[in-house]
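Visitor: The structure that follows is given in the form of structure tokens.
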Amino acid sequence: MAEATQTRYRVEGMDCASCAAKIDTAVRRMPGVKDVSVSVTAGTMTVNHDDASDLAAIAKKVTGLGYSVAQLAGKAAATVAEDKHAGCGHDHSTDGHAHADHDHAGHDHARHDDVKQTGAAEIEGLHGHDHGPATGPWWASKKGKLTILSGAALVVAYAIGHLVPSIASYIFIAAMLIGLVPIARRAVMAAMAGTPFSIEMLMTIAAIGAVVINAGEEAAAVVFLFLVGELLEGVAAGKARQSIQSLTALVPKEALLEVDGQTRSVPAEGLAVGAIILVRPGDRVSADGIILSGESAIDEAPVTGESTPVRKGIDDKVFAGTINGDAALRVRVTAAAADNTIARVVKLVEEAQESKAPTERFIDRFSRYYTPGVLVVAALVAIIPPLLLGGAWGEWVYKGLAILLIGCPCALVISTPAAIAASLSAGARRGLLLKGGAVLEMLGTITAVALDKTGTLTEGKPKVTDIIGFHHPEADVLTFAAALETGSSHPLAKAILDRAAADQVSIPVASDAKALGGKGVTATVDGKAIFLGSPQAAGDRVALSAEQTAQITALNDEGKTVSVLIIGEALAGAIAMRDEPRADAKSGLKALTDAGIRIVMLTGDNKRTATAIGKQLGIEVRAELMPEDKQRIVGELKRQGLIVAKVGDGINDAPALATADIGIAMGGGTDVALETADAAVLHGRVGDVAQMIDLSKRTMGNIRQNITIALGLKAVFLVTTIAGITGLWPAILADTGATVLVTINALRLLAPVRNA
């Protein structure tokens, strides 16, 4: 099935959801257009259309509505290199493996091209969207200039009216027309494009009506205040837009490319997957990659929100935009500029802002009936009292016009999308990615969370937990075990070598190293025959006492893998290893249980290991599960009436992630998990799941506050207007004030949260 062509535009001048609705309605009616998605916060419009569509006509239609529009250069985001995320896969070890078959072979790194030969236009569009600011200073924008001109005309009108009172009314009408003509033009264009009941139409009717009843001075002031309100909305919308687009500034423009041992500076946007770059101390990392050499503390706060620098070494991942600390690193690039972490975060957030939450969709539907309803109410207020109750026409027409201004739905329409856009941006800056307002809204209703074990609740790599010396000192046990494991990439071997490095053990040279399939490894160290392997294989070589067997069994019961060391013909000792819980796992789970959320661990690991971890963390455990079992259990929880979030990081989590009400991918999870999930915790902290749910609850609270402000102010001024206490000026101030208050309240969600 052929897909529609997708074209993206940068649209300037959008302030609220009403702007987006007008553009959507107009463009959707154009020939060949299949779908339209407009994002106020991103300042973009995405049009799906067939090849026969007239792109120039589409741009002209949007321009006619009063907005600046430009087609974005570059290729679509879907055109990504086939080598996407090479080398980023996870190799999760299982606890029940035989400690053998270590691969001592060296790695043969293929040579890659230095930099893609990319044209200037392609480089400009690598990210699939423009990261530049949508507008310059407010006074340099079209709305800014119009507002200043309208304000100046109003001041001049007051001055001339004071000097020559006889022509005051005409001067105020002239001042009003400076601001009203562009507004009326937009109103007419919107009506012709399918939106007859626009905010501009209400404003135009109110201003013309005020002139008819000889209130030209107020009409001029109201038009100016309307323009001020629109300008303030634009400035506030720009802040929300910049909060996420500013992330792109974190990626440096230049990178130090290594070729044949020499380095040279090249544009970071042109780095190819597989290229080798040098990252000096204090520099920002210019691309996602894997460390080939060097060890340093990496400040990941700009990308993940993690305040403490993370120590990273060979084979660890680094993200574009993070800051290298104290040592030079050689990094192999694993993602092109269009697909690095920052670009993906920005793209996810912009796409999320284009999808509407249920509350936002309800407000949109409500506003379709609300605006015509306001016109009807205003007309009835203007006509019925003079016709039936003997009221003065001038007085009641004036009140009807004021109700038109009070009824402008700006504040109500922006109440939800402003909060959601700010929340999505705030989450992204803390490493919490949510794919849309619907996901954000539902997160606050979660009543159960099912978590994977390996790589989610645990680190995903084993660590040495116990060293036991049977007939040799513990230091010797570690020394000889490390000698056997030198050069191996096996997860358990790395655990032993990491412990040896931490204890600053001097490792002797091993010779004649051999892997014994399913049993262990042997070598000669300092002239002695050494064996390291499973307890069963060790028992075939030497006899284990009942006490030694009991010690090993007790360690196994704690979910630990035990390797036994034999020196010569004597039993020397044992080393126990386990994939330990993340440092924040216990506190993160407590935050969830404190919120009244049920927690269950779903894992494919053996029951003994899973139970030991579950007991340590104090949670319910379901073990030895296949992917379809995890999916089935999530379904069972949903049938119990629970709103279920599934948290995982691997391919085997994908079915359950898709089945859950909300799927959350953890850390640098696999691409399958990230694509299937509704949300992602970039840093991988268990506590961030609770933070994500809290963000949802705070956002929904903010939306309720916004709706209360929007409708509350309108209700108050509706009563005072009918009572004759307030008029046109307070009416437009009520609308503008409510819109500004709602936007400022939503922007509070961008503020940092303590203990986040």
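Visitor: Looking at the stretch 408-480, what strands (runs of 3 or more DSSP E) fall wholly within it and have at least 1 residues that are under 23 Å from N706 (Cα atoms)?
Guide: Details: elements: 432-434, 448-451, 463-469.
It comes to 432-434.
Visitor: Could you please find all residues in the stretch 374-394 being touching a residue at least 24 places away in the same chain (Cβ under 8 Å) and surrounded by 14 or more Cβ atoms within 10 Å (Cβ to Cβ)?
Guide: The answer is V374, L375, V377, A378, V381.
Visitor: Failed condition for L271, given (1) within 27 Å of the chain's Cα centre (by Cα); (2) buried (at least 17 other Cβ atoms within 10 Å of the Cβ); (3) aliphatic (A, V, I, L, M); (4) at pLDDT below 85, with all others met?
Guide: L271 satisfies every listed condition except (4).
Visitor: If you don't mind, there's one more thing I want to ask. Within the stretch 550-564, which residues are surrounded by 13 or more Cβ atoms within 10 Å (Cβ to Cβ), polar (S, T, N, Q) and free of Cβ contacts under 8 Å to residues at least 60 places away in the same chain?
Guide: N556
Visitor: Run F531 past the list (1) more than 17 Å from G487 (Cα to Cα); (2) crowded, with 18+ Cβ neighbours inside 10 Å and report the number of the one that doesn't hold.
Guide: Checking F531 against (1) more than 17 Å from G487 (Cα to Cα); (2) crowded, with 18+ Cβ neighbours inside 10 Å, the one that fails is (1).
So that you can scan it fast, the table gives a plain yes or no per residue for (1) in a loop (DSSP other than H, G, I, E, B); (2) modelled with pLDDT under 90:
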residue: H107; (1), (2): yes, yes
residue: A153; (1), (2): no, no
residue: I160; (1), (2): no, no
residue: A190; (1), (2): no, yes
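Visitor: Whether any residue in the stretch 519-526 is modelled with pLDDT under 90, more than 49 Å from the chain's Cα centre (by Cα) and assigned by TED's automatic domain parsing to the domain that holds P508 is what I want to check.
Guide: Yes - at least one qualifying residue is present in the stretch 519-526.
Visitor: Moving on. With respect to S265, determine if the residue is at pLDDT 90 or above, in contact with a strand residue (DSSP E or B) (Cβ under 9 Å, 6 or more places away or on another chain), outside any helix (DSSP H, G or I) and surrounded by 24 or more Cβ atoms within 10 Å (Cβ to Cβ).
Guide: no
Visitor: Please go through the stretch 708-740 and pick out each residue that is surrounded by fewer than 17 Cβ atoms within 10 Å (Cβ to Cβ) and aliphatic (A, V, I, L, M).
Guide: Listed by number, the residues that qualify are L711, A715, V716, V719, I722, A723, I725.
Visitor: Which pairs have Cβ atoms under 7 Å, sit 6 or more apart or on different chains, and link a residue in the stretch 566-590 that is in contact (Cβ under 8 Å) with a residue 24 or more places away in the chain and farther than 13 Å from E474 by Cα to one that is among the basic types (K, R) and crowded, with 22+ Cβ neighbours inside 10 Å?
Guide: Close Cβ pairs satisfying both conditions: M577/K560; R578/K560; D584/R685; G588/R685.
Visitor: Run T458 past the list (1) at pLDDT 85 or above; (2) more than 30 Å from A654 (Cα to Cα); (3) surrounded by 21 or more Cβ atoms within 10 Å (Cβ to Cβ) and report the number of the one that doesn't hold.
Guide: Only one criterion is unmet by T458, namely (2).
Visitor: Here's a follow-up. Only one residue in G641, G663, G635 is modelled with pLDDT of 80 or more, part of a helix (DSSP H, G or I), small (G, A, S) and farther than 11 Å from L602 by Cβ, so which one is that?
Guide: G635
Visitor: For the stretch 708-741, name all the residues that are small (G, A, S), part of a helix (DSSP H, G or I) and closer than 11 Å to A402 by Cα.
Guide: Answer for the stretch 708-741, where residues must be small (G, A, S), part of a helix (DSSP H, G or I) and closer than 11 Å to A402 by Cα: A731, A734.
Visitor: Go through the stretch 442-474 and count every residue that is within 10 Å of G573 (Cα to Cα) and not β-branched (V, I, T).
Guide: 6
The values are calculated or read from the model by the stated rules, or taken from the named source; none is laboratory data. Everything numeric here is computed off the predicted structure, so don't read it as measured data. A quick note on method: Cβ atoms are made from the backbone with ideal geometry, for glycine too, and the neighbour counts reach across all protein chains shown.
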